[in-house]
Every structure is written in structure tokens, then in C-alpha cells.
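First up is the structure itself, then whatever we jot down about it.
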Amino acid sequence: HQGFLGKLKDTHPALTSNDLRLSAMLKLNLNSKEVAGIMNISPDSVKKARHRLRKKLNLPEEADLHSFMMKL
């Protein structure tokens, strides 16, 4: 997904490197269990990280983070 991380970083400069890694994994359509294995964290930590990312992106609670990533 060429240019994805650059576009995301341009629109939301406050994102950390971990936020960008999580975003890239979401863009690759990985589920929480797969992300947890790659990042070496628990699935609950992935859930919290997704919640924090949604908050940093100013998405409402009912908004689908995966759909947002696919549109970018």
C-alpha cells in the first residue's frame, strides 16, 4: 500500500510509531490475535491500542476503524 503511512502521518502528525505499525497491520486486514502475535503483546492490549488509535484519529466509538483504514 504505497503512500499509506505517509498519507496517514500527514493527516494525523501526532501518531506514534506504534500507532503507525498498528495502522499498517489493520490495513493488511490482520485480526487482533494475529496483530498480538506479531507485536508480542496480549490481544487485550491490541484492543486498548485500537481504542487509543480511534481516539487519536477523532473517530466516534461506533465508527469502524478497519473501514477507515481501507478508505485511506
Notebook entry, point to check: Residues of segment 5-24 being surrounded by fewer than 15 Cβ atoms within 10 Å (Cβ to Cβ) and either in contact (Cβ under 8 Å) with a residue 40 or more places away in the chain or among the polar types (S, T, N, Q) (or both), which ones?
Noted result: Lys7, Thr11, Ala14, Thr16, Ser17, Asn18
Item checked: Residues that are assigned to a helix (DSSP H, G or I) and of a type in the set (S, T, N, Q), drawn from segment 43-72 -> Ser45, Ser67
Check: Taking interchain pairs and intrachain pairs at least six residues apart, which have beta carbon atoms under 7 angstrom, with the first residue in segment 44-72 and touching a residue at least 12 places away in the same chain (Cβ under 8 Å) and more than 15 Å from Met25 (Cα to Cα) and the second small (Gly, Ala, Ser) and open to solvent by less than 90 Å² (accessible area, probe 1.4 Å)?
Finding: Lys56/Ala14
Notebook entry, point to check: Tally time: how many residues in segment 1-28 are charged (D, E, K, R) and within 11 Å of the chain's Cα centre (by Cα)?
Noted result: 3
Check: So how many residues does segment 25-72 have that are open to solvent by 60 Å² or more (accessible area, probe 1.4 Å), closer than 20 Å to His1 by Cβ and of a type in the set (Lys, Arg)?
Finding: 2
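The values are calculated or read from the model by the stated rules, or taken from the named source; none is laboratory data. Everything quoted here is computed from the prediction, not taken from an experiment. Every residue, glycine as well, gets a Cβ built from its backbone with ideal geometry; the counts of neighbours run over all protein chains shown. Note: areas computed on protein heavy atoms with side chains; ligands, DNA, RNA excluded. Shrake-Rupley method; radii C 1.70, N 1.55, O 1.52, S 1.80 Å.
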